[in-house]
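A quick write-up on the structure given underneath.
The values are calculated or read from the model by the stated rules, or taken from the named source; none is laboratory data. None of these values were measured; they are calculated from a predicted model. So basically every Cβ, Gly included, is an ideal-geometry build from the backbone, and we count neighbours across all protein chains shown. Keep in mind that these areas ignore ligands, DNA and RNA; they rest on the heavy atoms of the full protein, side chains included. Shrake-Rupley method; radii C 1.70, N 1.55, O 1.52, S 1.80 Å.
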Amino acid sequence: MTGELPAALAAEYAAIFAYGPIGVRLTGAEQDAARAAEAAHRSLRDALVLTLNGTGLPPAAPAYRLPEPVVDRAAALRVAIAVEEKAGAVWRAALTATVGAQRRQALDALTGCAVRATRWRRFAKVDPITVTFPGKIPS
């Protein structure tokens, strides 16, 4: 394992940060989904902190930038999609660098990001709502 899990930790911190501004621009089921997504990312972060404790790998640096200002519902949904896609890409990269329980963790995290991104695309009425290879950066 090299820098893939610290990169995943940075992505989880960034996702947690992003869901604050996202959630305040949403209501009802969308706001509930934002809360659930933030909780899922907090859980992933906590598990990664435990995994990385004592490995000697550097911790994630606290530098978060939203892909765009979250000024309304539409922007909140776009940012939520982007957050899940970025986190998914980082977890996809971690798959090849992990084994055993860590690989299971990476696969579960990638799957969760893909499901949440699909949910956000559905709320935003983005078509298609799914992608062929979640976490793959388009070439």
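Within the stretch 16-71, if we keep just the residues that are hydroxyl-bearing (S, T, Y) and at pLDDT below 95, the residue that is farthest from A87 (Cα to Cα) turns out to be T55.
The numbered conditions (1) farther than 15 Å from A15 by Cα; (2) acidic (D, E); (3) in a helix (DSSP H, G or I) are all true for E38 except (1).
The set of residues in the stretch 30-43 being in contact (Cβ under 8 Å) with a residue 12 or more places away in the chain and either surrounded by fewer than 19 Cβ atoms within 10 Å (Cβ to Cβ) or closer than 16 Å to V79 by Cα (or both) consists of E30, A33, A34, R35, A37, E38, H41, R42. Within the stretch 96-130, being surrounded by fewer than 17 Cβ atoms within 10 Å (Cβ to Cβ) and touching a Leu at 6+ places or on another chain (Cβ under 7 Å) holds for R103, L107. Would you say T98 is in contact with a helix residue (DSSP H, G or I) (Cβ under 7 Å, 6 or more places away or on another chain), under 24 Å from A29 (Cα atoms) and not aliphatic (A, V, I, L, M)? So T98 does not fit the description; no. Among the residues of the stretch 50-95, write down those that are charged (D, E, K, R) and surrounded by 16 or more Cβ atoms within 10 Å (Cβ to Cβ). Correct list: R78, E84, E85, K86, R92. Within the stretch 97-110, can you find the residues that are without any contact (Cβ under 8 Å) to a residue 60 or more places away in the chain and over 15 Å from A11 (Cβ atoms)? Those that are without any contact (Cβ under 8 Å) to a residue 60 or more places away in the chain and over 15 Å from A11 (Cβ atoms): V99, G100, A101, R103, R104, L107. Beta carbons closer than 7 Å, at least 6 apart along the sequence or on distinct chains, pair a first residue in the stretch 112-123 that is over 11 Å from A80 (Cα atoms) with a second that is open to solvent by 10 Å² or more (accessible area, probe 1.4 Å) and part of a helix (DSSP H, G or I) for G112/A40.
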